[in-house]
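One structure is given below, encoded as structure tokens.
Every number in this text was worked out from the coordinates using simple rules, so none of it is lab data. Note that the coordinates shown come from a computational prediction; the quantities given were computed from them, not determined experimentally. With ideal geometry, Cβ positions are generated from the backbone for all residues, glycine too; neighbour counts draw on all protein chains shown.
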Amino acid sequence: MASPPKYIELRVDVFDRTNQRAQVLAELKPSELVNAILQEFGDELDYLGANPEAYWLRKAREDARPDDQQSLGEQVREGEHLVLEETDRSLPGHAHRPSRLIYLQEPSTQQAYKILWLPAIIGRKDPELPDDELVAVDLTSHPGGSRVSRRHLRIWEEDGDYYIQAASANRATLVRNKGEEIPVPAGSGKERLSSQDIIRLDRSGIALKFIVRLE
């Protein structure tokens with residue numbers, strides 16, 4: 001007769017959802033637990049993405065990161081307190097960190113992209129074009145990505161406010177919280193972004209919600 005599966009009770013901080021009780025299979029790898037957390041909390045936290053590679057777990061009591069080559073049962077004790085963290089990336093040259101945590105989320109798929117640096121380009125990676133290192137949201141693999149310009153939009157920060165402008169002739173529309181629609185200006189024009197504004201990339205049908213996360 002097969003042995004019954006072994007479970008471990010853990011406490012997990014999922015950003016502002018702290019001290020969440022989780023009863024998990026001891027045989028799970030840390031990345032598998034991350035994936036389960038994203039599925040569980042994706043509807044509650046609009047800035048939470050669907051890609052497990054963008055997150056990792058650490059042990060709260062010792063700042064240690066569990067090894068993904070081993071099961072949780074081999075590394076954590078009953079009642080262990082874990083913290084979900086976002087994977088960081090180094091800054092491109094001449095870029096800086098945003099003063100607050102900001103994201104773009106596609107509501108239809110709940111895919112969220114953390115904007116790790118500013119100025120940030122929204123589009124598609126292409127090393128043959130200038131500023132490729134500033135592409136913070138790469139939509140190449142998106143089903144509508146072929147209709148997104150390689151340098152579609154630019155987002156930056158001035159005095160704590162965030163602004164957007166078009167970086168190509170490919171149209172985009174800013175839909176304000178109250179439903180007002182504004183064409184995203186090009187050239188020297190700019191529009192201020194507020195949290196929960198929707199950026200609609202008209203030709204591709206992609207819509208991205210701008211999120212400023214409260215800490």
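Backbone amide hydrogens, once placed in the peptide plane, bring A50 within less than 5 Å of A112, excluding anything fewer than 5 places away on its chain. Helical content of the chain, expressed as a calculated mean residue ellipticity at 222 nm, amounts to -1500 deg cm²/dmol (DSSP H runs of 4 or more residues, -39,500 (n - 2.57) each, divided by residue number, nearest 500). Scanning residues 5 or more positions from K209 or on other chains, those with amide H under 5 Å from its amide H are Q105, E106, I199, with H placed 1.01 Å from N in the peptide plane.
Taking θ as phi - 60° and the Karplus parameters 6.51, -1.76 and 1.60, the scalar couplings of region 55-68 work out to 9, 8, 10, 10, 7, 5, 6, 9, 6, 9, 9, x, 7, 6 Hz in sequence order, x denoting glycine and proline.
Plainly put, region 7-86 has a radius of gyration that is 0.92 times its Kirkwood radius, both from alpha-carbon atoms, as the Rg/Rh ratio. The phi-based Karplus calculation (6.51 cos²θ - 1.76 cosθ + 1.60; θ = phi - 60°) puts the 3J(HN,Hα) values of region 205-212 at x, 7, 10, 10, 8, 7, 10, 9 Hz, whole numbers, x for Gly and Pro. Pairs spanning more than 19 Å between alpha-carbon atoms, out of K6/K29; K59/K114; K29/K59; K114/K209: K59/K114.
Couplings 3J(HN,Hα) of region 9-20, computed from phi: 8, 10, 10, 10, 8, 10, 6, 7, 8, 8, 6, 6 Hz, in residue order, whole Hz [Karplus 6.51 cos²θ - 1.76 cosθ + 1.60, θ = phi - 60°; x for Gly and Pro]. With only the Cα atoms considered, region 101-213 has a convex hull volume of 102 Å³ per residue. Were the residues from S194 through S108 laid out at 0.36 nm apart, the gain over their Cα-Cα distance would be 29.0 nm.
Model label points for E9 and E158, set 7 angstrom from Cα along the Cα-to-Cβ axis, are 5.5 nm apart.
When you restrict to C-alpha pairs under 8 Å that are six or more residues apart and normalise by the size of the chain, the relative contact order lands at 15 percent.
Quick one: putting +1 on the C-beta of Lys and Arg, -1 on the C-beta of Asp and Glu, what dipole do you get for region 101-213 around its Cα centre, in Debye to the nearest 20?
Dipole of region 101-213, to the nearest 20 debye: 380 debye.
Dipole check for the chain: with +1 at the C-beta of Lys and Arg, -1 at the C-beta of Asp and Glu, and the Cα centre as origin, the magnitude is about 540 Debye. Between N177 and R17, the FRET efficiency estimated from the beta carbon spacing at R0 = 30 angstrom works out to 0.80.
If both residues of a DSSP beta bridge must be in region 7-86, then about 80% of such bridges are antiparallel. Across the chain, the fraction of Cα-Cα pairs farther apart than 23 Å, rounded to a whole number, is 52%. Annotation for region 153-172 versus region 1-47: alpha-carbon center distance of 37 Å. If R0 is 25 Å, the Cβ-Cβ spacing of F41 and E74 corresponds to a FRET efficiency of close to 0.50.
This ranking places F210, F15 by how few other beta-carbon atoms lie within 10 Å of each, fewest first, which gives F15, F210. Exposure proxy ranking for H94, H152, H81, H142, based on other Cβ atoms within 10 angstrom of each Cβ and starting from the fewest, stands as H94, H81, H142, H152.
Taking other Cβ atoms within 10 Å as a rough exposure proxy, D197, D132, D16, D159 sort from fewest to most as D159, D16, D132, D197.
In Å³ and rounded to a whole number, note down the convex hull volume per residue for the Cα atoms of region 53-139.
157
Helix 30-41 axis versus longest C-alpha principal axis of the chain: approximately 60°, rounded to the nearest ten.
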